[in-house]
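Let me begin by presenting the structure, written as structure tokens, before commenting on it.
The values are calculated or read from the model by the stated rules, or taken from the named source; none is laboratory data. Everything numeric in this text was worked out from a predicted model, so none of it was measured. Note: ideal-geometry Cβ built from the backbone for every residue, glycine included; neighbour counts use all protein chains shown. Areas reflect the complete protein model, heavy atoms only, side chains present, ligands, DNA and RNA absent. Shrake-Rupley method; radii C 1.70, N 1.55, O 1.52, S 1.80 Å.
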Amino acid sequence: MGVRTNVPFSELTPEERDIVFNGPAVKKHILYKPKKGDDFAELDFTYFNAVYTVENALAKAKDEKGLKRVARFLKEGPCADCSGTRLSAVARAPHVRGLNLAEAGAMTLDAAADWVRGVPESLRPDMRPMATNICESFLDVARRLLGLGLGYLALDRAGATLSTGERQRVQLARAVRNRTTGVLYVLDEPSIGLHPSNVDGLLGVMYDLAADGNSVVVVDHDVRVLKACDHLIEMGLVAGAEGGHVIAQGTVGEVAANPSSRIAPFLSDQVSARIRERVAESQVFSLGHIRMTTSQLHTVKPLDVDIPRGRLVAVTGVSGSGKTTVVLESLIPALKAQAAGERLPEHVLELKAEGINRANLIDATPIGANVRSTVATYADIHDELRRAFARADDAKAGGWKAGDFSYNTGRLRCPTCDGTGSISLDVQFLPDVTIECPDCGGSRYASEADAIRRAVKAAKGKAAKMKVPDKRKAAKEKLSEATDQGGGNISLSLPQLMAMSVDQALAVTSDLKKVHARLTTLHDLGLGYLTLGEPTPALSGGEAQRLKLASEMGKAQSDAVFVFDEPTIGLHPFDVRVLLGVFDRLVASGATVVVIEHDLDVIANADWIIDMGPGGGESGGRIVATGTPEQIAANPNSITGRYLR
Ligand SMILES: [Zn+2]
Ligand SMILES: [Zn+2]
């Protein structure tokens, strides 16, 4: 056939390669040897070229698997005829205000709205009335989408590439346009990721839906959304097993006046927004600067960013204004590169951050992939507890060592669930069901561990009142008898301790210095209610975020930058305050804390604000204003500032 078969493809001549790709089909009479057996067989075989073979396989592929096999020989690109606009030459021919349909569709909503406004004027007088009509209905829909902060989206953007929040807002705008009546709309935290100015747009949509005769049920934490509702239902009192009750309901005024409501103080503005003691304006940069100069990246223009060291800094702006690009794609990689002695990212022209060696992004992703990671192991408490229990007389008498107390590998782990605390049941025709281990009741330990006890030097007065938790129900009564040795002296087993909350454990570990210190840190992070044996993958995003900081607290942090990306998402206003307290402690130990945030409580408590915008996408990407919250509030250019007044 004119192609050597004994040399690699890369060494073939151009002529030979052309034969492989495009050569004619050749029929050959061949002798071949099957994989099994030694017999040779004769066969007539037609050799087709590579292009035909792939095209043929593609045409014959009937299922996903077949397509997948061919896919590695194919590559996708824009259509050569329409260059990806999906429109034929005929459809692209007419021009309005200098643009064809494809060009108009490629504009962002912001740009398109401007363009549409001028369309009627640009047409022949006899066409203007009709054009005005069409343009008005376009602008009516656009007004809603713009109000929801979606002006930066291109009109031809594929729906599948929208973020969850963007898609939810597009759907909301469509619901209003469809003029439904009698429909129940349920919105799950629609204010997430919305700039305060877009919360106004969201409220407008909700009012319109209700005015058309629909019902809107919204689950949210944003106090401005809550205040706009006709009827409030407050659930609580706490998260988890103790929650699940309606604690207050009624109009905003009724809930605000209800003494059992937790949200009431925030509804009636009884609490001051500014809870943190901020540095004086003249002192903001007294600990130094972090300066970064960048060139254009995506829609973000070339910037000079000046961040005060050792302060709480909020980066604000509507969605798409470039906050993420500046902080997550520029600042963090640049700081990391400089600390590692590597080259700065290409678009970062200069970085001055003397003495900064660490840049940590603290996000809300779950901790640990499996159930073996618990609060106690993650916070580095469990190893200390194992050693403490191995020192107890009971353990010495039984010959148990610290390693035996590991629920992952130790001899005292529950044999039924192998120390995971749960077992998964294979239910026919249904997905597997995971249940609490029936033998250890989720404690992860074998019953031998219950008998190994440590005397507790409890904090005065607390021991007597202490309710010792016990997960193994059958043995419960016997155990609590053994526990109470009178006179406030109690002894605890490791499974009992692991079933305690952080705050309960604090009261019974005063003699264990390291454990006590780490538990105190968890308490200060607002995590005192977590159970030591709780699996970390089950924690909420906010809990995971704070637990990740446990190992950082109490250290000198003047060489560190901590970055938080919208850390208040899904947090109750109370928890926002706890988080602000955590930021304060980090700053007090010297850290520079940079927070990308829409939450006005956090923004108002920052030492310094960098406000991006003014809009999103092409109309954003600039630093609109910098300063203290007061300076931003007084700045007429800052949209964020309007909401700080
Ligand atoms: Zn095409
Ligand atoms: Zn078990």
Open item on the list: From the protein chains alone at 1.4 Å, what is the descending order of accessible area for R343, R17, largest first?
Closed with: R343, R17
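Dipole size in debye (nearest 20) for the chain around its Cα centre, Lys and Arg Cβ +1, Asp and Glu Cβ -1?
On the way: 75 positive and 79 negative charges, 222 e Å.
I would put it at about 1060 debye.
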Task: Counting DSSP beta bridges with both ends in the chain, the antiparallel % (nearest 5) - done: 65
Open item on the list: Of P302, A210, Y152, which is farthest towards the positive pole of the chain's charge dipole, taken about the Cα centre with +1 and -1 on the beta-carbons of Lys, Arg and Asp, Glu respectively?
Closed with: P302
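Would you tally the net charge around R278, using a Cβ to Cβ cut-off of less than 11 Å, leaving R278 out, and scoring K and R as +1, D and E as -1? Spell out each step's value before the answer.
Numbers: positive: R274, R276, R311; negative: E277, E281, D584, D607, E630.
For residues surrounding R278, the net value is -2.
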- [ ] On each of the three principal axes of the Cα atoms of region 107-230, give max minus min coordinate, whole Å, ordered largest first.
- [x] 51, 31, 25
Task: Cα centroid separation - region 139-186 against region 29-84, whole Å - done: 45
- [ ] Once you've got the Cα coordinates, tell me which of K301/K336; K396/K555; K28/K68 are over 26 Å apart.
- [x] K396/K555; K28/K68
Task: Computed accessible area, F73, all protein chains, 1.4 angstrom probe, square angstrom - done: 120
Task: Calculated SAXS-style log₁₀ I(q)/I(0) at q = 0.23, 0.27, 0.31 Å⁻¹ - region 23-71, Debye, Cα scatterers - done: -0.84, -0.88, -1.00
TODO: Can you tell me the dipole magnitude for region 590-645 around its Cα centre, using point charges on the Cβ only (Lys, Arg +1; Asp, Glu -1), in Debye to the nearest 20?
DONE: 180
Task: Of all DSSP beta bridges in region 167-316, antiparallel share, percent nearest 5 - done: 70
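Just need the relative contact order of region 363-418 here, percent rounded to a whole number, with Cα pairs under 8 Å and 6+ apart. All intermediate terms of the calculation are to be shown ahead of the outcome.
Values: 36 pairs, mean separation 10.6, N = 56.
After rounding, I find 19 percent.
Among 330-340, 113-123, 547-557, 438-448, what's the highest-first ranking by average C-beta atoms within 10 angstrom per residue?
Details: 330-340: 18.8, 113-123: 15.2, 547-557: 16.7, 438-448: 20.5.
The packing order, highest mean first, is 438-448, 330-340, 547-557, 113-123.
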Task: Whole-number percent relative contact order across the chain, with pairs defined as alpha carbons under 8 Å at least 6 apart - done: 14
Task: Span from the region 189-216 Cα centroid across to the region 335-368 one, whole angstrom - done: 38
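Taking the Cβ of R177 as the center, what net charge do the other residues with Cβ under 12 Å away carry, scoring Lys and Arg +1 and Asp and Glu -1? All intermediate terms of the calculation are to be shown ahead of the outcome.
On the way: positive: R143, R144, R174, R179; negative: D140, D208, D212.
Spelling it out: positives minus negatives among the neighbours equals +1.
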- [ ] Using only the Cα atoms of region 298-443, construct the convex hull and provide its projected area averaged over every direction, in square nanometres to one decimal.
- [x] 16.2
TODO: Tell me, for the chain, which Cys residues have no other cysteine's C-beta sitting closer than 4.7 Å.
DONE: C79, C82, C135, C229
Task: Environment charge at E11 (Cβ cut-off 11 Å; Lys +1, Arg +1, Asp -1, Glu -1) - done: +1
Task: Viscosity 1.306 mPa s, temperature 10 °C, Stokes-Einstein D of region 569-645 from Kirkwood C-alpha radius, µm²/s - done: 118
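Which order do peptides 314-321, 296-303, 535-542, 125-132 fall in by mean Cβ count within 10 Å, highest first? Let's see the in-between values first.
Working: 314-321: 27.8, 296-303: 16.5, 535-542: 18.5, 125-132: 11.4.
Descending mean neighbour count gives 314-321, 535-542, 296-303, 125-132.
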- [ ] Please get the size of the charge dipole for region 23-71, origin at its Cα centre, with Cβ charges of +1 on Lys and Arg and -1 on Asp and Glu, quoted in debye to the nearest 20.
- [x] 180
Open item on the list: I'm checking a number: the convex hull volume of the Cα atoms of the chain, normalised per residue, in Å³. What is it?
Closed with: 297
Open item on the list: Projecting each Cα onto the charge dipole of region 486-640 (Lys/Arg +1, Asp/Glu -1 at the beta carbon, about the Cα centre), which of A560, N635, M500 comes out farthest on the positive side?
Closed with: M500
Open item on the list: Could you order the peptides 157-164, 365-372 from most to least packed, using the average number of other C-beta atoms within 10 Å per residue?
Closed with: 365-372, 157-164
Task: Of S191, V219, T164, farthest towards positive along the dipole that unit charges on Lys, Arg, Asp, Glu beta carbons give region 107-230 - done: T164
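If you average the sequence gap of Cα pairs under 8 Å that are 6 or more apart and divide by the length of region 107-230, what percent do you get for the contact order?
Details: 124 pairs, mean separation 31.0, N = 124.
It comes to 25 percent, rounded to a whole number.
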